[in-house]
Amino acid sequence: MRLSIVRTDKKGVVHLSVKSAEWLMERIKTDTKAGDIARLREHVALFGHVEGSDQETKVARICPLAELAKTENGNIETRAFNGLIWLHVAGLMRKEDVEAVKENSKILPTTFAAFMGADGRSVEILVSVAKKGAKLPTTEAEMRRFCQRAYDVAVGIYDGVLAKTVERQSVNITDGFLMPVDGQPYFHPEATP
């Protein structure tokens, strides 16, 4: 499984790199040399949201649901489904709330990873999913349908276990979250789908 990292530079050029989940779990333990995530979190502390922060465009976006590839003409396309669904729990004002959500997510054997979001007030949870007795979807349309169904099921299950409610989002296999920083992310690569 390889996760896609998308970054747009100052000239508007989209850069794509594909890394292992293990690489990401090590990478998110520290901020960038320029302290981009710390400055993003300062903006959130002042204004209550990420929007409008000049750091928002500097921080890479992690797309966990599928391995992406860049075509010759610069478009991003889906190469393979990762067997993951991404859940976002927001509105966590204290570090204790973040840790409680991470801790509660560990109860479920489907939790692949859980870590503090880029804003410092959320938790990103990656959930391992699969079709019963079938291969993972291969076409983008199949991925989209499967992801939506798996997302709905995962939200129902995780809402019953977490200290906070999962924030409902539309599911798009090329969507992602801003590169987070969490010194102690939860990572369980053998999560049961």
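The values are calculated or read from the model by the stated rules, or taken from the named source; none is laboratory data. Just so we're clear, the structure is a prediction, and the values are computed from it rather than from any experiment. With ideal geometry, Cβ positions are generated from the backbone for all residues, glycine too; neighbour counts draw on all protein chains shown. For the accessible areas, the whole protein counts, side chains as well, though only heavy atoms, and no ligand, DNA or RNA atoms are used. Shrake-Rupley method; radii C 1.70, N 1.55, O 1.52, S 1.80 Å.
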Exercise for review: Only helical DSSP H runs with n ≥ 4 go in: add -39500 (n - 2.57) per run for the chain, normalise by residue count and round the 222 nm mean residue ellipticity to 500 deg cm²/dmol.
Suggested key: -8500 deg cm²/dmol
Point to revise | Charge dipole (region 25-106, unit charges on Cβ, about Cα centre) - positive-most of GLY91, THR32, CYS63 | key: THR32
Practice item. Would you calculate the separation in nanometres between label points at PHE47 and MET1, each defined as 7 Å from the Cα along the Cα-to-beta-carbon direction? Key: 3.4
Practice item. Give the distance, in whole Å, between the Cα centre of region 72-142 and the Cα centre of region 173-192. Key: 6
Study note, to complete from the structure: Output for the chain (equivalent-ellipsoid semi-axes, sqrt of 5λ from the C-alpha gyration tensor, Å, descending) is 24, 23, 14
Exercise for review: Tell me the trypsin sites (Lys or Arg not before Pro) within region 42-100 that lie in a loop according to DSSP and have at most 11 other beta-carbon atoms within 10 Å.
Suggested key: ARG94
Point to revise | the chain - accessible surface per residue (Å², probe 1.4 Å) | key: 52
Review point. Nearest 20 debye, what's the magnitude of the dipole of the chain about its Cα centre given +1 on Lys and Arg Cβ and -1 on Asp and Glu Cβ?
Key: 320
Study note, to complete from the structure: So the carbon and sulfur contribution to the accessible area of region 103-183, 1.4 Å probe, in percent, is 51
Review point. Top to bottom by accessible area (1.4 Å), largest first, where do THR192, THR71 land?
Key: THR192, THR71
Check your understanding: Residue separation times 0.36 nm, minus the C-alpha to C-alpha distance between VAL153 and GLU99: what's the value?
Key -> 17.1 nm
